[in-house]
Amino acid sequence: MMLTPETSASKTHRQAMTPILIFGAALRTDGTPSPALQHRVLAAVQFGAKQNAPLYLVTGGVPRNGLTEASVMRRLLLEAGAPAEAILEDHAATDTFDSAVNCTKILKKQGFADQTLALATSTYHMPRCLLLMRLAGWSVQAVPFPFPVTGRKSVFRAGLRIGHEVLASLWDAFLVLCWRIVR
């Protein structure tokens, strides 16, 4: 989706919009969405339903079976009733750092530099996403994620994910700070 060039009407319209950034999650080998990806999109849709004019930015470019995470999320949003013109896509990001950088560029190019972003991702992933987007210069808020971790295996996996997130947060924060200094 491409928004119109800068005009007072389009600037006013953008200021009324709520950008909702949905971080990708790995697709299954057949290209279908994982439960994590489905939950992230559903959380964003539920949040967006309470906003005046949601604008969804889906990010994730890791291809599976000819599809990217972003293209699958776009399809899920359309199926949930989001209008096509309210969806922006980043098919190039291969990790959370790439998503932070790419989405910053996309949103600034579209004129959203002074907006507060709503971030939709899994609970374990949210602290890293909030940190990176703040370091990239954004005011951010977390989209509520109403999907609890259940089951013994899931709790164990969640513990591993949290450990990964702590280490990845430190590394990605360093990368975002370097990116901001270099640009």
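The values are calculated or read from the model by the stated rules, or taken from the named source; none is laboratory data. Predicted model, so just to flag it, every value in this text is computed and none were measured. Virtual Cβ from ideal backbone geometry, glycine too; neighbours counted across all protein chains shown. Side chains are part of the model used for accessible areas, which takes the heavy atoms of the whole protein and leaves out ligands, DNA and RNA. Shrake-Rupley method; radii C 1.70, N 1.55, O 1.52, S 1.80 Å.
Condition test on A53, is it within 19 Å of S122 (Cα to Cα), in contact with a helix residue (DSSP H, G or I) (Cβ under 8 Å, 6 or more places away or on another chain) and either at pLDDT 95 or above or open to solvent by 10 Å² or more (accessible area, probe 1.4 Å) (or both)?
Spelling it out, it is not the case that A53 is within 19 Å of S122 (Cα to Cα), in contact with a helix residue (DSSP H, G or I) (Cβ under 8 Å, 6 or more places away or on another chain) and either at pLDDT 95 or above or open to solvent by 10 Å² or more (accessible area, probe 1.4 Å) (or both).
Listed residues R40, R14; which is modelled with pLDDT under 95, basic (K, R), surrounded by 18 or more Cβ atoms within 10 Å (Cβ to Cβ) and out of contact with any Leu (no Cβ under 6 Å at 6 or more places or on another chain)?
One residue alone meets the criteria, R14.
Which one of the conditions (1) open to solvent by less than 40 Å² (accessible area, probe 1.4 Å); (2) outside any loop (DSSP other than H, G, I, E, B); (3) among the aromatic types (F, W, Y) does W171 fail to meet, given that it meets all the rest?
(1)
Within the group V143, V166, V176, which residue is free of Cβ contacts under 8 Å to residues at least 24 places away in the same chain and among the β-branched types (V, I, T)?
Among V143, V166, V176, only V166 is free of Cβ contacts under 8 Å to residues at least 24 places away in the same chain and among the β-branched types (V, I, T).
Results for (1) within 22 Å of F47 (Cα to Cα); (2) in contact with a Pro (Cβ under 8 Å, 6 or more places away or on another chain); (3) modelled with pLDDT under 95, shown as yes or no for each residue.
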| site | (1), (2), (3) |
| --- | --- |
| S99 | yes, no, no |
| N102 | no, no, no |
| L107 | yes, yes, no |
| A113 | yes, no, yes |
| A118 | yes, yes, no |
| T123 | yes, no, yes |
| R134 | yes, no, no |
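Filtering region 32-51 down to residues that are in contact (Cβ under 8 Å) with a residue 24 or more places away in the chain and hydrophobic (A, V, I, L, M, F, W, C), which residue is nearest to P83 (Cα to Cα)?
Among them, the one singled out is V45.
Test of understanding: among T123, T94, T116, T59, which residue is among the β-branched types (V, I, T) and open to solvent by less than 30 Å² (accessible area, probe 1.4 Å)?
On inspection, the qualifying residue turns out to be T59.
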